Amino acid sequence: MILAAPARSDERVRVANRAVKLLRRPEIGAAVAALAIFTFFSLMAPVFLTPAGVSTWLYSASLFGIMAVAVALLMIGGEFDLSAGAMTGTTGLIVGVMTTQWGLNIWLSMLIALAAALLIGAGNAFVVMRTGLPSFIVTLATFFILQGANLAVTKLITGSVAIQGMGAVLGFDVVKVYFGSSFPFLGADIKIAVVWWIALTALATWVLLRTRGGNWIFAVGGQLSSARQLGVPVVKVKTGLFMTTAGAG
């Protein structure tokens, strides 16, 4: 008589529990931390969940969040940009100087500031890709250069380190409608920047998870040499990421 051995299941094809699958997702850690912080402040600060409190911390979060979306894409692509914070000041000062000191149209000044930011981002990418230096070092140098230029050039042109009189610039009220206005929502005064933040987050999520460009970002950040061998345009992808981060400022 021949005895048949009991069938053994292959662990490699074992179906994982849904909870385990959920916990393995990389965004769960950030979501849990955000929920913990939200709960802490909700319990410790009575005004946190009031309409005034919600509008205040949502506005602050949106200012950082818009930049964080671009920085997150860059980090997924395997690089980092320390000059992102200084870039915000640089673009603002470019617009301020051109409008209040030279009388340029505010929309044209904004386009010039955006072009300058994109050029600086492309410069960061060029140095990183051509020299092989870590982006941390390259963008740290850019950060100090921009900080020095922000102070020195503004002082040279205006005699001060601050820009005055933006409210009197022709067309400022129109620009403010798109970038600085607010609207009531459930009793809170929500800034338009929150809408921009949500829209850019949704766009970045779609690009990252639903497009070929998103696959390229994951590829260059996960395995650079393999991505290059598979035909991924590494230089173009990283240059685009650096320019996106700079433009978000």
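The values are calculated or read from the model by the stated rules, or taken from the named source; none is laboratory data. Model, not experiment: these values are computed from the prediction. Using ideal geometry, Cβ is built from the backbone for each residue, glycine included, and neighbour counts are taken over all protein chains shown. Please note that ligands, DNA and RNA were not included when accessible areas were found on the heavy atoms of the full protein model with its side chains. Shrake-Rupley method; radii C 1.70, N 1.55, O 1.52, S 1.80 Å.
Going through (1) farther than 17 Å from Gly89 by Cβ; (2) of a type in the set (Phe, Trp, Tyr); (3) at pLDDT 90 or above one by one, Phe144 falls short only on (1).
Set side by side, the residues Leu186, Leu200 differ, and just one is under 23 Å from the mean Cα position of the chain (by Cα), closer than 30 Å to Ser55 by Cβ and aliphatic (A, V, I, L, M), which is Leu200. Summed over the range 116-162, the residues that are surrounded by 12 or more Cβ atoms within 10 Å (Cβ to Cβ) and charged (D, E, K, R) give a count of 1.
Count of the range 99-122 residues, restricted to those that are farther than 12 Å from Gly247 by Cα and in contact (Cβ under 8 Å) with a residue 12 or more places away in the chain, is 7.
If the condition is being among the charged types (D, E, K, R) and in a helix (DSSP H, G or I), then the range 188-228 contributes Arg210, Arg212, Arg228.
What is the residue count in the range 68-79 for residues that are under 11 Å from Phe242 (Cβ atoms) and either of a type in the set (Lys, Arg) or surrounded by fewer than 18 Cβ atoms within 10 Å (Cβ to Cβ) (or both)?
So the first thing to find is which residues in the range 68-79 are under 11 Å from Phe242 (Cβ atoms), and the list is 70-71, 73-74, 77, 79.
With either of a type in the set (Lys, Arg) or surrounded by fewer than 18 Cβ atoms within 10 Å (Cβ to Cβ) (or both) added as a condition, the list becomes none.
Of the residues in that region, 0 qualify.
Give me a count of the residues in the range 229-248 that are more than 18 Å from the chain's Cα centre (by Cα) and either not β-branched (Val, Ile, Thr) or not in a helix (DSSP H, G or I) (or both). So that I can check it myself, show each step before the final result.
Of the range 229-248, the ones more than 18 Å from the chain's Cα centre (by Cα) are 229-236.
Those left that are additionally either not β-branched (Val, Ile, Thr) or not in a helix (DSSP H, G or I) (or both): 229-233, 236.
Here the count works out to 6.
Give the residue that is surrounded by the most Cβ atoms within 10 Å (Cβ to Cβ), with candidates limited to residues of the range 19-45 that are over 24 Å from the mean Cα position of the chain (by Cα) and of a type in the set (Phe, Trp, Tyr). Ranking the qualifying residues of the range 19-45, first place goes to Phe41. Trp107 passes every criterion in (1) modelled with pLDDT under 90; (2) over 20 Å from the mean Cα position of the chain (by Cα) apart from (1). Only one entry in Gly53, Gly96 is touching a residue at least 40 places away in the same chain (Cβ under 8 Å) and either surrounded by 15 or more Cβ atoms within 10 Å (Cβ to Cβ) or charged (D, E, K, R) (or both), namely Gly96. Of all the criteria given as (1) touching a residue at least 60 places away in the same chain (Cβ under 8 Å); (2) open to solvent by 60 Å² or more (accessible area, probe 1.4 Å), the one not satisfied by Gly165 is (2).
Please verify whether Ser181 is within 28 Å of Leu73 (Cα to Cα), exposed (fewer than 15 other Cβ atoms within 10 Å of the Cβ) and polar (S, T, N, Q), treating the condition exactly as stated. For Ser181, the condition - within 28 Å of Leu73 (Cα to Cα), exposed (fewer than 15 other Cβ atoms within 10 Å of the Cβ) and polar (S, T, N, Q) - is met.
Looking at this structure, is Asp173 touching a strand residue (DSSP E or B) at 6+ places or on another chain (Cβ under 6 Å), open to solvent by 50 Å² or more (accessible area, probe 1.4 Å), closer than 30 Å to Thr50 by Cα and not small (Gly, Ala, Ser)? Before the answer, list the steps.
Working: touching a strand residue (DSSP E or B) at 6+ places or on another chain (Cβ under 6 Å): no; open to solvent by 50 Å² or more (accessible area, probe 1.4 Å): yes; closer than 30 Å to Thr50 by Cα: yes; not small (Gly, Ala, Ser): yes.
For Asp173, the condition - touching a strand residue (DSSP E or B) at 6+ places or on another chain (Cβ under 6 Å), open to solvent by 50 Å² or more (accessible area, probe 1.4 Å), closer than 30 Å to Thr50 by Cα and not small (Gly, Ala, Ser) - is not met.
Scanning the range 157-183 for residues that are over 24 Å from the mean Cα position of the chain (by Cα) and in a helix (DSSP H, G or I) turns up Ile157, Thr158, Met166, Gly167, Ala168, Phe172, Asp173, Val174.
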